[in-house]
Amino acid sequence: MTDRISKLTAAGVAVWLDDLSRVRLSSGGLDQLRREKHVVGVTTNPTIFAKALADADEYDWQLRDLATRGVEVEESVRMLTTYDVRWACDVMRPSYDASHGVDGRVSIEVDPRLAHETDKTVAEAKALWWLVDRPNLFIKIPATEAGLPAITATLAEGISVNVTLIFGLDRYSQVMEAFLAGLEQAKANGHDLSKIGSVASFFVSRVDSEVDKRLEKIGSDEAKALRGKAAVANAQLAYERYSEVFSSDRWQSLADAGAHPQRPLWASTSTKNPDYRDVIYVEELIAPGTVNTMPESVIHAYADHGETPGDTITGAYDAARKVFTDLEAVGVDMSDVIAVLEQEGVEKFEASWLELLDGVRKSLAAAGQGTGRPGQAAQGNAQAAQQAGGNA
């Protein structure tokens, strides 16, 4: 069988897995994907962790230990998730070494409830960086208005960053500016720029979901003809901006100091509409220097029937601009679409984080019943519940 993912990799697309669990780690499944499916990175988010902890008993021993020690729920979540991410970093270390620090990265997200608090986001990023203690870690920071200065400040500390929840072109330009400023400060602070990595996670399928909903409501033939086109066009124009920024003199001075570019990462790449081709957000977004993070189902789908015709982005800028013009003509306000998606993105991750906290709280309580110290565990859980409620 033709190795379709190998062709995708040869076209300049780094394939990352959008998932992580302790079962995947202990079974060797992640290492198998690295060895057999050319997977060279991993992304996580609160939704992924909430599902992982709810579906497996692989965490029981650690939960018992945490309950025995009376560790509060929020700190327990950090211990559980950083354990998995540290393990994943070790699994992906060969890819990190082989790519001289470009790939082999594993991402962990700051508490999404901090998305609108700059200083707390930076403090959380530093804590997670210290806890995982692996050079191939990425700290995920959302591209909110408060997140932008946090991105710069975190990079300035020599900490590698995955900027998440990017939906719009103007915000993406601000993210690249935050990245450049962060590297300039890191250089001034004496950090080795070759050790600092970053990607900018530009969300794809959610754009089509929101725009298609509006096109259906408009209902005209012209509107319906535009379904399934907005997300790819949006990402293609993002790559155009990336190409401009990373061919500038400002970037070249950082590259000369050893810096790696902040690659665009296509996130949310599973097809939400069953009428669309299941690998559309891979096939239509092929270009050098990009990352595509996929659920395992999409990786296997691409390995089975994905097509790699070559670069499908750089020659499509004019067509992408026409999609935006046509969307405006039928009454779709893309600036409002982007604002809604950013707000919903943060809210969804906040909800998943609260679900994760609640699940761990219940697991700690159950584990504490058999530790000999149930009172202390229960007290810690009650304190954590009160704290979580105050922060939500």
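The values are calculated or read from the model by the stated rules, or taken from the named source; none is laboratory data. Remember, it's a predicted structure, so these values are computed and weren't measured experimentally. All Cβ positions, glycine included, derive from the backbone under ideal geometry; neighbour counts span all protein chains shown. Quick note on the areas: whole protein, heavy atoms, side chains included, nothing else; ligands and nucleic acids left out. Shrake-Rupley method; radii C 1.70, N 1.55, O 1.52, S 1.80 Å.
Report the FRET efficiency, 1/(1 + (r/R0)^6), for residue 98 and residue 311, where r is their Cβ-Cβ distance and R0 is 25 Å, rounded to 0.05.
On the way: r = 24 Å, r/R0 = 0.95.
With R0 = 25 Å, the Cβ-Cβ based efficiency is 0.55.
Show the residues, 5+ positions off or on another chain, whose built amide H is closer than 5 Å to the amide H of residue 263.
Counting only residues 5 or more places away or on other chains, the set is 198, 200.
Among the listed pairs 224/322; 229/348; 195/348; 272/322; 195/272, which have their C-alpha atoms separated by more than 27 angstrom in this model?
On the way: 224/322 15 Å; 229/348 24 Å; 195/348 32 Å; 272/322 24 Å; 195/272 36 Å.
Violating the 27 Å Cα-Cα cut-off are 195/348; 195/272.
Would you please name the GluC sites (Glu not before Pro) within region 287-357 that are DSSP coil residues with at most 16 other C-beta atoms within 10 Å of their C-beta?
Values: sites: 296, 307, 328, 342, 344, 347, 350, 355; in loops: 307.
Counting only loop positions with at most 16 other Cβ atoms within 10 Å, the GluC sites (Glu not before Pro) in region 287-357 are 307.
Can you give the extra length, in nm with one decimal, that the chain gains between residue 240 and residue 276 once fully stretched, where that is 0.36 nm per residue apart less the Cα-Cα distance?
Details: separation 36, 0.36 × 36 = 12.96 nm, distance 2.47 nm.
Length difference between fully extended and current span is 10.5 nm.
Out of region 198-286, which chymotrypsin sites (Phe, Trp or Tyr not before Pro) are coil in DSSP terms and have no more than 10 other C-beta atoms within 10 Å? Mind showing how you got there, number by number?
Details: sites: 202, 203, 239, 242, 246, 251, 266, 276, 281; in loops: 246, 276.
Answer by residue number: there is no such site.
Straight-line reach only, C-alpha to C-alpha below 14 angstrom: list the aspartates and glutamates that residue 7 could link to, leaving out same-chain residues fewer than 8 apart.
36, 283, 304, 307, 311
Can you compute 3J(HN,Hα) from phi for each residue in region 341-352, using the Karplus curve 6.51 cos²θ - 1.76 cosθ + 1.60 with θ = phi - 60°, rounded to whole Hz and x for Gly and Pro?
5, 5, 5, 5, x, 5, 5, 5, 6, 4, 4, 5
Which shape class applies to region 209-333: rounded if a/c is under 1.5, otherwise prolate when a/b exceeds b/c and oblate if not, where a ≥ b ≥ c are the square roots of the Cα gyration tensor eigenvalues? Don't skip to the answer; put the middle values down first.
Values: a/c = 2.54, a/b = 1.41, b/c = 1.81.
Here region 209-333 falls in the oblate category.
Using a probe radius of 1.4 Å on heavy atoms only, what accessible surface per residue do you get for region 142-261? Whole Å² is fine. Each step should come with its number before you reach the end.
On the way: 4360 Å² over 120 residues.
Per residue, region 142-261 has 36 Å² of solvent-accessible surface.
Suppose the Debye formula is applied to equal point scatterers at every Cα of region 1-158; what is log10 I(q)/I(0) at q = 0.15 Å⁻¹?
Treating every Cα as an identical point scatterer, log10 I(q)/I(0) equals -0.86.
For region 6-62 and region 210-276, what is the separation of their Cα centres, given in Å?
24 Å
Quick one: if you take sqrt(5λ) for each eigenvalue of the C-alpha gyration tensor of the chain, what semi-axes come out, biggest first, whole angstrom? Intermediate values should be presented prior to the final figure.
Values: eigenvalues 235, 116, 96 Å².
After scaling each eigenvalue by five and taking roots: 34, 24, 22 Å.
Could you identify which residue out of 41, 219, 182 has the top mean-square fluctuation in a GNM of the chain using Cα springs shorter than 10 Å?
Its mean-square fluctuation being the largest, the pick is 219.
Tell me the carbon and sulfur percent of the accessible area for the chain, rounded to whole percent, probe radius 1.4 Å.
Numbers: 7810 of 15980 Å².
The C+S portion of the solvent-accessible surface of the chain is 49 percent.
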